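Here is the structure we will look at.
The values are calculated or read from the model by the stated rules, or taken from the named source; none is laboratory data. Quick caveat: nothing in here was measured; it's all calculated off a predicted structure. As a convention, Cβ positions derive from the backbone with ideal geometry for all residues, glycine included, and neighbour counts pool all protein chains shown. The area values use the complete protein model at the heavy-atom level, side chains included, leaving out ligands, DNA and RNA. Shrake-Rupley method; radii C 1.70, N 1.55, O 1.52, S 1.80 Å.
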Amino acid sequence: MESLSSFIIKSSPERFDAIVVGSGITGGWAAKELTERGLKTLMVERGRPVEHRVDYVGENRDPWTMPNRGKVDAVVAEEQYPVQRQCYAFDEHTQQFFNNDRDMPYSTPGGRPFSWIRGNQLGGKSLMWARQSYRWSDLDFEANLKDGHGTDWPIRYADLAPWYSHVERHAGISGSKEGLAVLPDGEFLPPFEFNAVEQALKQKFDARYAPARMIIGRTANLNKASDAHLAQGRGQCQARSQCHRGCSFGAYFSTQSSTLPPALATGRLRIATNSIVHSVLYDPKTNRVTGVRVIDAETMETREYHARVVMLCASTLGSTAVLLNSTSAAFPTGLANSSGVLGHYLTDHLWAAGADGRVEGFEDEYYQGRRPTGIYVPRFRNVVDKHPAFVRGYALAGGASREGWQSAAYKPGFGKDFKAMIRKPGPWRFGLHGQGEMLPRFENAVSLHPAKKDKWGMPLLHVDVTHGDNDRKMREDMADTAANILEDLGLKDVRKSMATAEEYPPGLAIHEMGTARMGRDPKTSVLNGFNQAHDVPNLFVTDGASMASGAWQNPSLTFMALTARACAYAVDQMKLGAI
Amino acid sequence: MSNIAKQAARRSALLRLGTLCGLALSGDVLAALATPHGAPRSARPAPELLSADELALTGVLAELIIPQTDTPGALAVNAHHTIDHLLKACTLPPQQAAFRSGLARIDTAARQQQGKRFAALPAPRQTALLRALDAGTVPFTPEDQRFFRQLKSYVAFAYYTSEAGATRELAYLPVPGGFTGRVKLTSATRTWATQ
C-alpha cells in the first residue's frame, strides 16, 4: 500500500460527498463504510498523522532499553499530562498517544473534577483502547422507557443486531458463545483460555449463582486470525498485552489496523490531519450543513472543507463541543439544538469498586503469555429481581494471576532467600471489580466557557458532572457483592476496595456518553434513530455523544454498530435524494 | 558492549571471583564497587540526584536486598544508578527528600549502634540492622520500616526490569506467540518478568 502521506491533503476546492470529523473508532468506521459505498470522503482529524507500524515508537522495547524503564518523567507528567497520567495505559511507551493537557485545557467547577482522557491523533483512542467488546440487549435499550430515567431509545436490539454482526466480523472479536439474554452472542473468533484458578472458580460460581455466569472477556484481539483478517494485513495476537503501544501485527482492532486500510483501498478517502474543526457550516436557506471550518493546528490558519453530508465522530465531548460552537441565527445555542438538550445527560461508567483475595492451592499451575483480556460476569442485578436500593446494574470483571516481583516489596525479608522466593511464582490472587451504569441526568452537562479560550482561540469546554444517589448506592453494592462472592468461593484474606470520590472522578472510566442523545421526540433529543440530527437532515453524530443511556457494557462495539448503520442509512438517503 | 554493560560485567565478575576465593565481601568492598569515586567518568556516570555516599549506600543496600547468587545481583546490574536516575527523572522533590532522609536514618542508626556508617560495617552487622529495619524494631521505627519497603520496591523494580534480572533471574518472553491458560509448574519454572 502507498504510504499514508499520499492520502493526506491540506486545502481542497473539492466538494466531497461526505466529511467525517474524527478518526478514532467511529471515524474510522464511518470512513470505511462511506467510501466502500461509493462516497468521496474527507476525514478531518485535529491531531497528527500516525502511520501503522511506523509510528509505534513505544512498541518492541524491552524495559531496560527505555530511558525511564517505562515510567514517565515526573515534571513532564505534572506539567503537561496532569489528567492523562491518571489513565492506566499512560506510560513511557504510550505517552505520545495521549493529549497534552497543557495545550488542550478544559474547565470544571471548583470541587467537581472531571478527568477527560483524550487521544488526539489519527486513530484517536482506538490506538490505546481497552478492546472489551460487548453487545447490548433490550434490557439496556428498554431501560429508559421502563424506569423513566432518560428518554426512550428510538431503537431496539433487533435494529442493531445485524450491524453488530457486520462490525464484529470485520473487527475480529474473540469470545465464547453463552446464550445469555443480557449479553447476546456475536460473531466470535475462538475465545482466550481461562487459567486453572479461573476455571475452578468459574465452575463454582456458575453452579452457585446461575443464571449468572463467569465468562472470558470478549475482546477485539485476534486470538485466531481468520482469512478475512489475514487479508486485511492483520495477524494473530501474540499475547504480549502491550496493545496500547500500538501493534505491528495489527492483532487488535484500531483505525490503523482495521478500518483505514479498506477505506484507503477504495481510492475515495482523503485525510486532513492537524485540522481542528471550529464549527460545522450551516446554510439556513436550505437547512443543510455544507461543510466544516477548521483551524490548522500548526499554522493557526483557517480553511473550509465542503461536502453533502457531515458525520461527527469526534468523540463524545469533541462532537458536542463542535455543535455547541456552531451557532447561527437559526441555532443560537448550538447546531441542531432546538430541543435544548445538547450538552446534557452526560454519563460515564461507575467503577473502582470491588474486591480481591488469595486463592489457596494450585501451586503447580501457571500460564504462558499475557492474555489481553480478563474474566467477566455479565449483569445480574435488576434482571429479574428488583434491588431495593438502586435501578439498573453492573458487570464484574477481573481475573486470576500469580504474584510476581511487583508485590515483593510488601513481603518481609531480603537477601538470598528473598531473591529465591521471587524466582518462584507467588500465591494466586483473584479479583472482581464492578463496571456499572450511571443514570442520565439533565444537570450533568457540558457547555462552552463564556470567556476562557485555548491557544487556537477555541472556547474551553466546561464539564460539570457529579455522581447521583443511585450511582453511589450501586457502587457500594458492587464492592459488597464482589467481596461476598469471593468469600463464598472460598478465597482467603478478601479485601474490599472502593476508591473515594477524589480517587475516581467522573470521566476516568473513559466511557463518557451522551450530550447529543438519540430519541424519538425532536423536542427532547438531538438525534433520531439513525443518528441523524432531527433539525438538520444531512448532519449525523455517530459516536458516544449519541447515547441515550450508558448501560453497563463497554460501549465501543455499540458505537461501531451505530456508525455502520448510520452510514448505510445516510448513503441510502443520498441516493433517494432526501439529503 | 556498552560501557555500562562492561562495568556491570566486570563488577559481576569481581563479585564471582570474591565468592570463589572465599572472601566475605563486606560493606566497604561493596561500597568501593558501588561508589562512583575513582572511576573514569565515561565508565561510571556521576549520580544525578544522590551524593556519592548516598549512591554507594544505595548500592550496598540494593546488593543486600538482591545479592549475587547463581545470577547477578543488584549491584552488577547497576540498580543503584537506575534508582538514582529514576528518583531524579520520575519523582518530585518531596519523594526525593523522603528517600534521602530514609537513607540518612539508616546511617544514623548504624553510627549510634555500631559507631560507623552503614557501608563501613561488617556484613553480619549490616544484616542484623536490616533485619531490625525490615521488622520496624529498635533502633528503627515503623516509619523507617515503610521506607525500607519502598526501598525494596525500588530495588526490585530496578533489578527485575534490567536485562539480567528479567532474562537470567526470571523468565522473559517478549513475544509469547499466544496465551496458554494452563502450564504445569516444574522445578525449573521461574516467575514471568512481565505481567
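Relative contact order of segment A:1-85, please, whole-number percent, based on alpha carbon pairs below 8 angstrom and at least 6 residues apart.
22
I'd like the trypsin sites (Lys or Arg not before Pro) in segment A:40-79 restricted to DSSP loop residues with at most 16 other Cβ atoms within 10 Å, sorted by number.
Here the trypsin sites (Lys or Arg not before Pro) that fit, given the DSSP loop and packing criteria, are A:R53, A:R61.
Mind grabbing the interface size between A and B? I mean buried accessible area, both sides, 1.4 Å probe, in Å² to the nearest hundred.
5200
How large is Rg over Rh for the protein assembly as shown, taking Rg from the Cα atoms and Rh as the Kirkwood inverse mean of 1/r across Cα pairs?
Checking Rg against Rh, the ratio lands at 1.01.
Counting only helical runs of four or more DSSP H residues, what would the 222 nm mean residue ellipticity of chain A come to if each run contributes -39,500 (n - 2.57) and the total is spread over all its residues? Working shown, then result.
Working: 12 runs with 125 residues, N = 579.
Taken over chain A, the calculation gives -6500 deg cm²/dmol.
Indicate the gyration tensor shape class of segment A:475-551 (rounded, prolate or oblate), computed on the Cα atoms with a ≥ b ≥ c the square roots of the eigenvalues: a/c under 1.5 is rounded; otherwise a/b larger than b/c is prolate and the rest oblate.
Cα axes put segment A:475-551 in the prolate bin.
Report the paramagnetic label zone for A:T299: residues of segment A:255-281 whose backbone N is under 20 Å from a point 7 Å from Cα along the Cα-to-Cβ axis.
A:270-279
For segment B:32-184, what class follows from the C-alpha gyration tensor (a ≥ b ≥ c being the square roots of its eigenvalues): rounded when a/c is under 1.5, otherwise prolate if a/b is larger than b/c, else oblate? Numbers along the way, then the final one.
Details: a/c = 1.78, a/b = 1.45, b/c = 1.22.
Taking the square roots of the gyration eigenvalues as a ≥ b ≥ c, segment B:32-184 is prolate.
I'd like the Karplus ³J(HN,Hα) series for segment A:425-440: coefficients 6.51, -1.76, 1.60, θ = phi - 60°, whole numbers in Hz, and an x wherever there's a Gly or Pro.
Using θ = phi - 60°, the values come out as x, x, x, 6, 10, 9, x, 9, 10, x, 9, x, 7, 9, 6, x Hz.
For segment A:479-579, state which trypsin sites (Lys or Arg not before Pro) are in a DSSP loop and have at most 13 other beta carbons lying within 10 Å of their beta carbon.
Answer by residue number: A:K523.
What is the ratio of the Cα radius of gyration of segment A:1-157 to 2.2 N^0.38 Å, where N is its residue count, to two decimals?
On the way: Rg = 19.7 Å, N = 157, 2.2 N^0.38 = 15.0 Å.
Compared with the compact-globule rule of thumb, segment A:1-157 sits at 1.31.
At most 11 other Cβ atoms within 10 Å and a DSSP loop assignment: could you name the trypsin sites (Lys or Arg not before Pro) in segment B:38-139 that fit?
Sites meeting the loop and neighbour criteria: B:R41.
How many percent of the accessible area of the protein assembly as shown is carbon or sulfur, using a 1.4 Å probe? Write down the numbers at each step before the final one.
Working: 15430 of 29070 Å².
C and S fraction of accessible area: 53 percent.
Can you give the longest stretch of chain A with no exposed loop site, where a site means chymotrypsin sites (Phe, Trp or Tyr not before Pro) in a DSSP loop (not H, G, I, E or B) with at most 16 other C-beta atoms within 10 Å? Let's see the in-between values first.
Numbers: sites that count: A:Y88, A:F442, A:W456.
The longest such stretch corresponds to A:89-441.
What number in nm² do you get for segment B:151-195 if you take the convex hull of its Cα atoms and divide its surface by four? All intermediate terms of the calculation are to be shown ahead of the outcome.
Values: hull surface 15.2 nm².
For segment B:151-195, the mean projected area of the Cα convex hull comes to 3.8 nm².
Structure shown: which of A:K32/A:K523; A:K473/A:K496; A:K32/A:K455; A:K146/A:K386; A:K416/B:K116 lie over 23 Å apart, alpha-carbon to alpha-carbon?
In this structure, A:K32/A:K523; A:K32/A:K455; A:K416/B:K116 exceed 23 Å between Cα atoms.
To make sure I understand the rule: partners must be lysines, Cα under 23 Å from the Cα of B:K88, and not fewer than 8 residues away in the same chain. Which ones qualify?
Hits, sequence-local ones excluded: A:K71, B:K152.
Could you tell me the relative contact order of segment A:242-351? Use alpha-carbon pairs under 8 Å, at least six residues apart, and round to a whole percent.
So the answer I get is 15 percent.
Rounded to the nearest whole Å², what accessible area per residue is found for chain A with the 1.4 Å probe?
Dividing the accessible area of chain A by its residue count gives 35 Å².
I'd like the FRET efficiency for A:I9 and A:D480, computed as 1/(1 + (r/R0)^6) with the beta carbon distance as r and R0 of 51 Å, rounded to 0.05.
That pair, A:I9 with A:D480, gives E of 0.40.
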